[in-house]
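Visitor: I'd like to ask some things about the structure below.
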Amino acid sequence: MSKVHLPRASVSPDEYPALLTCTLEKRSGDIEAILVARQKLDLKVGGGSTILGATLAQYEELEVETSDGRRVRQPRLLGEIITSCHEFKDGHPLGFDIEMLVRDWKKAMSFGYYGQLLDEHQFAKCLVTFRPTLVTQYMRAANKSEASGIYAGFFEQPICKTEQTVNLKEGQVRSALKELTSN
């Protein structure tokens, strides 16, 4: 009996962390678009409850508006995001589960209360990474009232969510933002 040799995975377990980091750095806008579209579909399908979610088939049909304004199906956009960081070999398996990648994106972006408790420094780091324009506006605010309004806006978005927003102290977040943006 001859052995059957399966082709190696396109992404090895050792290469996966670099792929995750690269996709977050290069395509965070498109990743966020996917996560927001999935969340809206989950809420629609679940009747407003996040317990019930969409099926994989519904995700495959899901259209997403990309950061450059195109409307494409989620699988195509996922492929574009992944191939922007890693070349795949024809006939080789991916080497990872797409849903695992989506979960890792959610966790890295603290998307939609992903069960993380962020302290002020972690929250600031997330904002600097994924909301640099908003951070710049906040740091350049002309007065305390304007800054407080922008600060409140940090919590009205799906990225950098934390379960303990009430416990975060604005002064400490501002200090962390200053430290992180001064480099």
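The values are calculated or read from the model by the stated rules, or taken from the named source; none is laboratory data. Quick caveat: nothing in here was measured; it's all calculated off a predicted structure. Every residue, glycine among them, receives a Cβ derived from its backbone with ideal geometry; neighbour counts consider all protein chains shown. Heavy atoms of the whole protein, side chains included, go into the accessibility calculation; ligands, DNA and RNA do not. Shrake-Rupley method; radii C 1.70, N 1.55, O 1.52, S 1.80 Å.
Visitor: Which residue pairs have Cβ atoms under 7 Å apart, sit 6 or more places apart or on different chains, and have a first residue in segment 30-59 that is over 17 Å from Arg76 (Cα atoms) and a second that is at pLDDT below 75 and among the hydroxyl-bearing types (Ser, Thr, Tyr)?
Guide: What qualifies is Asp42/Thr50; Leu43/Thr50.
Visitor: Can I ask one more? Find the residue count for segment 115-124, including only residues that are assigned to a loop (DSSP other than H, G, I, E, B) and within 15 Å of the chain's Cα centre (by Cα).
Guide: Within segment 115-124, residues that are assigned to a loop (DSSP other than H, G, I, E, B) and within 15 Å of the chain's Cα centre (by Cα) number 2.
Visitor: Is segment 92-103 home to any residue that is in a loop (DSSP other than H, G, I, E, B), hydrophobic (A, V, I, L, M, F, W, C), open to solvent by less than 40 Å² (accessible area, probe 1.4 Å) and on the phi > 0 side of the Ramachandran plot? Steps first, answer last, please.
Guide: Residues of segment 92-103 that are in a loop (DSSP other than H, G, I, E, B), as a first pass: 92-97.
Those still in the list that are hydrophobic (A, V, I, L, M, F, W, C) too: 94, 96.
Imposing the further condition that a residue be open to solvent by less than 40 Å² (accessible area, probe 1.4 Å) reduces the set to 96.
Filter once more, so that each one left must be on the phi > 0 side of the Ramachandran plot: none.
Checked segment 92-103: no residue is in a loop (DSSP other than H, G, I, E, B), hydrophobic (A, V, I, L, M, F, W, C), open to solvent by less than 40 Å² (accessible area, probe 1.4 Å) and on the phi > 0 side of the Ramachandran plot.
Visitor: To continue, here is another question. How many of the residues making up segment 28-44 are more than 9 Å from the chain's Cα centre (by Cα) and among the charged types (D, E, K, R)?
Guide: Selection size over segment 28-44: 4.
Visitor: Filter segment 13-42 down to the residues that are of a type in the set (Gly, Ala, Ser) and open to solvent by less than 30 Å² (accessible area, probe 1.4 Å) and list them by number. Write out each step before concluding.
Guide: Pass one, segment 13-42, residues of a type in the set (Gly, Ala, Ser): 18, 28-29, 33, 37.
If the condition is that a residue be of a type in the set (Gly, Ala, Ser) and open to solvent by less than 30 Å² (accessible area, probe 1.4 Å), then Ala33, Ala37 are the ones that fit.
Visitor: While we're here: Is it the case that segment 104-113 has a residue that's open to solvent by less than 70 Å² (accessible area, probe 1.4 Å), at pLDDT 85 or above, part of a helix (DSSP H, G or I) and of a type in the set (Gly, Ala, Ser)?
Guide: Checked segment 104-113: at least one residue is open to solvent by less than 70 Å² (accessible area, probe 1.4 Å), at pLDDT 85 or above, part of a helix (DSSP H, G or I) and of a type in the set (Gly, Ala, Ser).
Visitor: Oh, and also: Return the residue satisfying two criteria in turn: it lies in segment 68-86 and is without any contact (Cβ under 8 Å) to a residue 40 or more places away in the chain and in a loop (DSSP other than H, G, I, E, B), and of such residues it is most open to solvent (accessible area, probe 1.4 Å).
Guide: This residue is Asp68.
Visitor: How do the pairs read when you match residues in segment 166-177 that are under 17 Å from Met139 (Cβ atoms) with residues anywhere that are surrounded by 14 or more Cβ atoms within 10 Å (Cβ to Cβ) and basic (Lys, Arg), using Cβ under 8 Å and keeping only pairs 6 or more apart or on different chains?
Guide: From residues that are under 17 Å from Met139 (Cβ atoms), the pairs are Ala176/Lys125.
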